[in-house]
Amino acid sequence: MATLSDIGVSAIINILGAFAFLLAFALLRLQPINDRVYFPKWYINGKRSAPRHVGNFVGKFVNLNFKTYLTFLNWMPQAMQMSEAQIIEHAGLDSAVFLRIYTLGLKIFLPTALVALLVLIPVNVSDGILFFLSKDLVVSDIDKLSISNIKPKSLKFFVHIAMEYLFTFWTCFMLYKEYGRVATMRLKFLASQDRHAEQFTVLVRNVPYESKRTITDNVENFFKKNHPDHYLCHQAVYNANKFAKLVRKRARLQNWLDYYQLKFERNPEKRPITKKGFLGLWGERVDSIEYYKQQLKEFDRRLTMERESILKDSKSIMPAAFVSFNSRCGAAVCAQTQQSKNPTLWLTNWAPEPRDIYWRNLSISFFSLTLRKLLISVAVFALVFFYMIPIAFVQSLANLEGLEKVAPFLRPLIEWKVIKSFLQGFLPGLALKVFLFVLPAILMFMSKIEGHVALSVLERRTAAKYYYFMLVNVFLGSIVAGTAFQQLHAFLHESATQIPRNIGVSIPMKATFFMTYIMVDGWAGIAGEILRLKPLVIFHLKNMFLVKTERDVERAMDPGSIDFPETLPSLQLYFLLGIVYAVVTPILLPFILIFFAFAYLVYRHQVINVYNQRYESCAAFWPHVHGRIIASLVISQLLLMGLLSTKKAAKSTPFLVVLPVLTLTFHKYCKSRFEPAFRKYPIEEAMEKDLQDRSSESDANLKAYLADAYLHPIFHSFEEIELEDVKIDQKPTPHSPSPPLSELSSPSPTHDAKDHKEVEPSGTSQTSHNVQHYEVGQPGDLFHYEYEQTSHVYHYDYQSQYHHDSQYQHSGYHY
C-alpha cells in the first residue's frame with residue numbers, strides 16, 4: 001500500500017520527467033532540422049516549405065538566433081490563440097470535438113472537486129475508524145481521507161449519498177449541454193460543406209446473385225426500378241487485393257529508379273551502378289537506371305495480366321457496389337430505408353468518404369462478416385481475461401506490504417525506504433503502461449478481421465474493444481487483484497462474516513494505485529506526447545538511410561492522425577476514475593484535473609501543428625463518448641451501493657436505488673433526442689442543399705463528378721491508358737492484351753517538351769451512362785497512376801520518360 005511519502009516520490013519523479021520532456025520539446029522545436037517533425041501540418045497544408053530560422057550551412061541544422069531561445073515557452077499561449085471555428089477550418093470537426101472532450105472533463109470535475117474537497121474530506125476524517133483497524137488491514141494516510149474511515153451505521157453516509165446525487169445531476173446537465181452543442185456543430189458542418197461524393201453515394205452490400213445476370217446488371221436493374229427518379233450510376237467492387245500488392249511492389253521499383261536518376265543528374269559524368277544480387281550486395285554489376293527501367297517494364301506486363309484476369313473473372317466482382325444518385329435527398333432515402341422484403345439483402349448505408357474507405361474489406365461476403373464478428377467477439381473475450389494474469393502481477397508490485405505478510409523472504413529486498421517508495425509510487429503505473437503498449441495494435445488487427453469498410457469505423461470499434469479491456473482489467477481487475485493481496489492476511493485470520501466488510505473497505509484503498517497510474521500516464525505520458533521522441537528518431541533515421549526522393553521526405557515526416565483507438569478509451573478511463581472516486585476518495589480529483597488541463601493544452605498544440613486527419617467523420621464518435629460517461633455514472637452508483645452495504649448503512653443505502661434508474665432514463669432521452677443527428681442525415685437538410693445547388697447551377701456535370709469518385713484502384717491504374725472499353729457499371733468484356741504501363745499515357749491534352757505546343761492524344765475518351773471508353777495517348781503524355789497501400793490510396797503521375805510528380809489527392813481531398 002503506497003503511503004503519502006510514496007505518492008510524493010512518484011509525484012516528484014513524474015513532475016521532473018514531464019518538465020524534462022517539455023524543456024526538451026521547447027528547445028528541439030526551435031531547431032531547423034526538426035521543423036518537419038514538430039510542424040508537419042503546415043508543410044502538408046502548403047503554408048510552409050522550409051524552416052523559418054535558416055542562415056548559413058550550420059543554420060540549416062541549428063537555430064543560431066539566440067533571441068528565440070528566450071521565448072522557448074511561447075508555444076503555450078500560441079496553442080490557445082486559435083478559436084474553435086478556426087480549428088474546424090484548419091483541422092476539421094473531428095479534431096475540434098476531440099478537444100471538447102477535455103474541456104468537458106474540466107467542466108465536470110472542477111466544481112465537483114471543489115465541493116468534494118470542502119465537504120467530504122472533513123466528514124471522512126472526523127470518524128477515524130481506520131486507526132482501530134490498522135492492525136488487521138493494510139491502510140495508509142490517504143485511506144483515512146476516504147469513505148472507508150467512516151464507522152458502520154453512521155448517519156454521515158447521507159452526506160455521501162447527497163453528494164452522489166449532486167455529482168450525477170451536474171454531470172448529466174453538462175452531458176446534455178455538450179451533446180446538444182456537438183449535434184448542432186455536426187449539422188452546421190454538414191450544411192456548410194461543399195459538394196462531396198459521399199453526399200450522393202450509398203454503399204450497397206449483400207447483392208443477391210441471379211443465374212442469368214451479373215452483379216452489375218442486377219444492381220443497375222434494381223435501382224432503376226426502385227429509384228427511377230434519382231438513380232444515376234454505380235461502380236462495382238472488385239476483389240483486387242493481389243493486384244494492390246503488385247502495385248505496391250511496382251512503386252518501390254519506381255522509387256529506386258527516381259533515386260538513381262536524381263543521382264545521375266547531380267553527377268552526369270558517372271552512371272550509377274548496382275548489383276543484381278540480394279539487396280544489391282553481390283551479383284552482376286549493371287547500369288542502375290537501365291536495370292530498373294527493364295524491371296518496371298517487366299513488372300508492368302505482370303500488372304496488365306493480373307488486371308485483365310480480374311476483369312474477365314466474374315467471380316472477382318463482389319456482391320457490393322457504390323450507387324450514386326442525382327441528389328442528396330435521393331441518396332438519403334436509399335441509405336436510410338430498407339430496400340427489400342428480405343432484410344438480409346440489398347443492405348444500404350451511407351458510403352464513407354473516398355479517403356476513409358478500407359478497400360481490402362469490401363471483398364468480404366455477408367456470411368463471412370457474420371462469422372468473423374462471432375469469432376472476434378470470442379477472441380476479445382479471451383484476450384480480456386488472459387490479460388488478468390499480468391494485471392494481477394502488476395498489482396502485487398503495488399502492494400508490497402501486503403505481499404510481505406505471505407512472502408517474508410522478499411522482505412530484505414524492500415527494506416530500504418527509497419527502494420520501497422520507488423517501487424510502490426512509480427513502478428506499478430509504469431509496468432501497467434508497458435503491458436498496455438501493444439494492445440491497441442492487436443485490437444486494430446482484430447477489428448480489421450471483423451470486416452469494417454471504413455477507417456473511421458475501424459478506429460471506433462477498436463476504441464470500443466480497448467475501453468472494455470480498460471474497464472475490466474485496469475479498473476475492475478486492479479481492484480479485485482489488489483483486494484486479494486491486501487486483505488489475504490485478514491481473510492485467513494477472520495471469520496467468513498468479516499470478508500464482505502474487508503472487500504467493501506478495500507475498494508477505496510486502490511485510489512493510491514490509480515494516483516500513480518494517472519501521474520505516469522496522464523502527466524509524464526502527455527508530456528512525452530508533445531516531445532514526439534519516437535517520430536523524431538524515426539524521421540532522422542529515415543532521412544539518413546532511406547530518403548532518396550522528395551516523396552520519401554514526405555513519407556518520412558507523415559505525422560499520422562490523432563490516435564483515436566488508444567486516446568479515447570484512455571480518456572474514458574479518466575472519466576470513470578473521477579466519477580467513481582469523487583465520493584469514495586475525493587483526494588484523487590486534483591490528479592484528474594491536472595491531467596485534463598495539461599492534456600487539453602498539449603493536444604491543442606498537436607492538432608494545430610502536427611496531426612493531419614486521414615478522414616473526417618463529422619464527430620461520429622461522440623455518441624460513444626457520451627454513452628461511456630453514462631456507464632461510468634452507473635458503475636459509480638452501483639459500487640457506492642455495494643460499499644455502503646458493507647458499512648451496514650441499511651437506513652441510507654435504499655436512497656441510492658433510484659439513482660441508476662434516473663441516470664439510464666436520462667441516457668435514453670439523450671439517445672432519442674440527439675443520436676439521430678449522428679446516425680441519419682435529415683431529409684430537410686438534404687433537400688435544402690439540393691435546392692441551393694440547383695439555384696446556383698452547381699449541380700451541373702454531377703455525373704462526371706461522381707463517375708470515378710469511388711472507382712476501384714484497378715480502374716484508376718488503367719482508366720486513362722486502356723485500348724479496350726472498360727465497363728464500370730456493367731460486366732467486364734473480354735480484353736485484348738494491353739501494352740505495359742511504361743508505354744502508355746493519358747488521353748488528356750498535354751504540352752510537348754520541345755516546342756511547347758499543345759498535343760492532342762491520338763485516342764478519344766467517351767462516356768455513356770454505363771460504359772466508359774479509354775484509349776492510348778501519345779508518348780510523353782501525363783499518366784495517372786494510383787495504388788492502395790494498407791489503409792491509404794496513393795496517386796502518382798508519371799511521364800513516359802519516368803519523370804515523377806506526386807499528387808496526394810483524390811476527389812478534392814488532399815492527404
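Computed quantities for the displayed model
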| quantity | calculated |
| --- | --- |
| Rounded, prolate or oblate (a/c below 1.5 giving rounded, otherwise prolate when a/b exceeds b/c) for region 208-255 by Cα gyration tensor | oblate |
| List 217, 300, 563, ordered by accessible area with a 1.4 Å probe, largest first | 563, 217, 300 |
| Note, ³J(HN,Hα) from phi for region 11-25, Karplus 6.51, -1.76, 1.60, rounded to Hz, x at Gly and Pro | 4, 4, 4, 6, 5, 5, x, 4, 5, 5, 4, 5, 5, 4, 4 |
| Cα gyration tensor, region 319-369 - rounded (a/c under 1.5), prolate or oblate | oblate |
| Lys, Arg +1 and Asp, Glu -1 on Cβ, resulting dipole of region 173-316 about Cα centre, debye, nearest 20 | 420 |
| Ranking by accessible area, most exposed first, for 173, 39, 437 with a 1.4 Å probe | 437, 173, 39 |
| Residues whose placed amide H lies under 5 Å from that of residue 273, excluding near-sequence neighbours | 288 |
| Cα-Cα over 24 Å, subset of 153/668; 107/689; 177/668 | 153/668; 107/689 |
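The values are calculated or read from the model by the stated rules, or taken from the named source; none is laboratory data. Everything quoted here is computed from the prediction, not taken from an experiment. For neighbour counting, all protein chains shown are included, and Cβ atoms are generated from backbone atoms with ideal geometry for every residue, glycine included. Accessible surface is based on the protein model in full, side chains and every heavy atom, while ligands, DNA and RNA are left aside. Shrake-Rupley method; radii C 1.70, N 1.55, O 1.52, S 1.80 Å.
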